[in-house]
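Bear in mind that the values in this text are calculations on the coordinates, not laboratory data. A quick note: this is a predicted structure, and the numbers were derived from the prediction, not measured. Here Cβ is always computed from backbone atoms with ideal geometry, including for glycine, and neighbour counts include all displayed protein chains.
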């Protein structure tokens, strides 16, 4: 599912990721461990297409992320550490917005949103502004948005 080959990322004179290679097969659950500053977040940003590598390659389901950015992003559900949410949106509005952005077909959009609401325990929060939610519920909204399009890969 993920194939990383000789991945390197430099920021000026600083090498954040140095010649990293690994693969993750479909169905595997893996953790990314290391000390602060080891390049974990930078590697995740490269895998998800938010940052370009200096050298090396990343493939998702056999497709290079640089040659097929839209197709590979569509396969990924990503929840960054600092979850960017729109505070003025109600939970239901936000999930509908993300589902549309992620290309969830209109015919199944409501059922996917309903499934995510139930899975993430958001039933009582649907009509509340995201800005009024606790940190825990904001995280749940983030999880729901990262899964609403039924991605092949969750990061």
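The table for this structure:
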| quantity | calculated |
| --- | --- |
| Distance in nm between pseudo-label sites at residue 150 and residue 13 (7 Å out along the Cβ direction from Cα) | 5.2 nm |
| For the range 91-154, alpha-carbon Rg over 2.2 N^0.38 Å | 1.02 |
| Most fluctuating residue given options 142, 34, 56, as computed from a GNM of the chain linking Cα atoms under 10 Å | 34 |
| Cα-projected label distance for residue 55 with residue 1, points at 7 Å along beta-carbon direction, nm | 3.0 nm |
| Two-site label geometry, residue 124 and residue 22: point separation in nm, points 7 Å out along Cα→Cβ | 3.9 nm |
| Contact order normalised by residue count of the range 91-154, Cα under 8 Å, 6+ apart, percent | 47 percent |
| 222 nm mean residue ellipticity, helices alone, for the chain (DSSP H n ≥ 4; -39,500 (n - 2.57); rounded to 500) | -10000 deg cm²/dmol |
| Cβ-derived FRET efficiency at R0 41 Å, residue 86 paired with residue 38, nearest 0.05 | 0.85 |
| Ranked by how many other beta carbons lie within 10 Å on average, peptides 144-152, 126-134 from highest | 144-152, 126-134 |
| The chain: antiparallel DSSP beta bridges as a percent of all, rounded to 5 | 90 percent |
| Euclidean distance of C-alpha centroids, the range 100-134 and the range 48-87, integer Å | 23 Å |
